[in-house]
Every structure is written in C-alpha cells, then in structure tokens.
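One structure is given below, encoded as structure tokens.
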Amino acid sequence: MTKTHKKMALLLTLFLVLLGSGCLYSRSVDNRTPAPVGAEPKQEQRQSTENKQAELPQKQQEETEKPAAEAPEDQQKPAIPAETTKAQDVSNEKYSWYFKPNDQHLLPEVNAKGKELLDQYQGIYHGDTSGKNIYLTFDEGYENGYTPMILDALKAANVKAAFFITGDYIRRNPELVQRMANEGHVVGNHTDHHPSLPSVDDATLRKELTSLSDAYKQLTGREMSYLRPPMGEYSARTLKITREMGYTNVFWSVAMKDWIPDAGTPQEHQTMVMSRLHNGALILLHAVNKANAEMLPSLIEECRQQGYQFKALDER
C-alpha cells in the first residue's frame, strides 16, 4: 500500500470515529426521535389538539342549536279533555250585561256584542215581543224575609214568575224553594257560590251549576234549565259551556238599582218599572228589597190595566 493510500485510510477512520461520537452525543441530549417533516403526530397528541380546536365552536353550537329540554314526566301538563279544549278555543273576554232604557216603551238598546253572543248561544233578555207580554223574574241571593210576601202576591194574582236561587239559599230555605216549585214557578240556577263565571275555570263553572241543580232535584225531584249569571257577567266561553249543559242564560230588559235592601220606596219602584215596560219585557227584581215586595200587588194590577199579560219563561 502506498503512503497515499495509508493517509486516506487513516482520514476515513478518523472521520468515522468523529461521526460516531456526534451521534452518541446527540442521543444523550435528546433521546426522542424527531418526526420527519410532514409526519402525522402521535394519536394522543392529535386527539388533544382536535378537542381543543373543537371546544369553542361546539359550545357556540350548543347555545344556538341545543333543543329545549323536555319537562320531567311529573311536571308535564296532562292532556286536556276534548270538551275542555273546545271551550278554551272560545274567547273568555268578560262582558257585563247592560241595557239603555227609553221612554217610548220599546225594546231597549243593549250591548251589540252581548246580543250577538246571546243569539249564538240561545240566551235571552226578552220574551215574545209580538204582543203585550211581560215576564217577572226574581234574584234570590239570600233570604231577607220578603219572599213569602212575594209568593203570596203572585198566588193571589195567579201570576207565574221565575226565581233564581243560590246554593246558600236552598240550604237555608228549602221550604221556600219547595213552595216555589209547588206553586208552579220556574226555579232557576244562580250558581252555588255566586262567582263571576268568566273568572272560574271550566271544571269549577260546571260544579257551580251541578252542585245546585243536584240539590234542587233532590229536594223537589225537578230539573233546572234556566241560568242567570251572577252580576250579569259572562263570556263566549261561559255561554257555550252552560248551553252545552242544557241551560238557557236569562238576562233582562227592565231593571233598577234594587239589590240594596232598603233602596227606594214602593211607589218609586213601581213608577220606574212602568216607565220601562215594553212588549216582551223581561223584568228583574231583587227579592231582598222591601219596596219590591210591598209594591208587587199594585204593580201587577197596573200592568194588567194597561193591557199587559204575565207569562212564565216557559211560555216565551
């Protein structure tokens, strides 16, 4: 081997030794094998990165697209029976009955919406207007000692009237209610506890009527078919439900401020009624008022003198 060849072999050996020492040093400092450029990161690193990148958009999506949570089973509303659903589909806007009297002895002007609803649900506020027919009705919220006097006057004059009673009235005065029925008068429903009907729910409304009608049937063996809404307050919903129960809602075309027991005098009340009479007049009187009881015989006589005839609600 020539000297040149010996030198080249020595240099090559030295190079290999230095190269090997560099690799060992590199491995001692960093025992990890760097990933080649463009290589995919390890599985756990990739999942961590993807989760962090997706976290914010996912939260935003949950805020905007997350469906409303369903109520727990014990808090979910029960299904509404078909009958109740029908009633709830009808407006419960409350109206108060009123009329505008005139001095021409004509049917008075009444609330236009109220009249429309009465026509729709077969309610009445007057009777037969083809002749001089009039109808006497009495509201009996409680007994003030005058109903026997009223019944005596009606019996003496052979006049049939309608009495609208409450639950309290029949419980406290069953003998008077029995007498009304025995003497041929209509006994109507004025509810058990006298609530404003639009203010109570469907079930309560029905109970207000049935509890009283059941008590009346148990006492007399007869049914109730006429209803006077307490305070004259009603809605399309109450008219619909009560009509479906078989009731005719009865309002009025002649009335006055007589629900106060000592209001007015017999002459004042008689003059007021006579000035408002008209063909088919449906007269509302409160039996708690003393003046009403005292003027009744004279009122009946004057009405007949003017050609009016008294009819029962069943004779409309």
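Things worth noting here:
- Scope region 106-129; condition assigned to a helix (DSSP H, G or I) and surrounded by 14 or more Cβ atoms within 10 Å (Cβ to Cβ); matching residues: 114, 115, 117, 118
- Per-region count, region 230-252, residues outside any helix (DSSP H, G or I) and farther than 17 Å from residue 116 by Cα: 3
- Put simply, of 139, 192, 214 the only residue that is among the acidic types (Asp, Glu), in contact with a Gly (Cβ under 8 Å, 6 or more places away or on another chain) and either within 21 Å of residue 248 (Cα to Cα) or at pLDDT below 95 (or both) is 192.
- Qualifying residue in region 243-252 (condition: touching a Gly at 6+ places or on another chain (Cβ under 6 Å), in contact (Cβ under 8 Å) with a residue 40 or more places away in the chain and either farther than 24 Å from residue 182 by Cα or buried (at least 18 other Cβ atoms within 10 Å of the Cβ) (or both)): yes
This table checks each residue for (1) in contact with a strand residue (DSSP E or B) (Cβ under 6 Å, 6 or more places away or on another chain); (2) outside any strand (DSSP E or B); (3) of a type in the set (Ser, Thr, Tyr).
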| residue | (1), (2), (3) |
| --- | --- |
| 264 | no, yes, no |
| 267 | no, yes, no |
| 275 | no, yes, yes |
| 285 | yes, no, no |
| 292 | yes, yes, no |
| 299 | no, yes, no |
| 307 | no, yes, no |
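The values are calculated or read from the model by the stated rules, or taken from the named source; none is laboratory data. No experiment lies behind these values; they were computed from the predicted model shown. Reconstructed Cβ throughout: ideal geometry from the backbone, glycine too, with neighbour counts over all protein chains shown.
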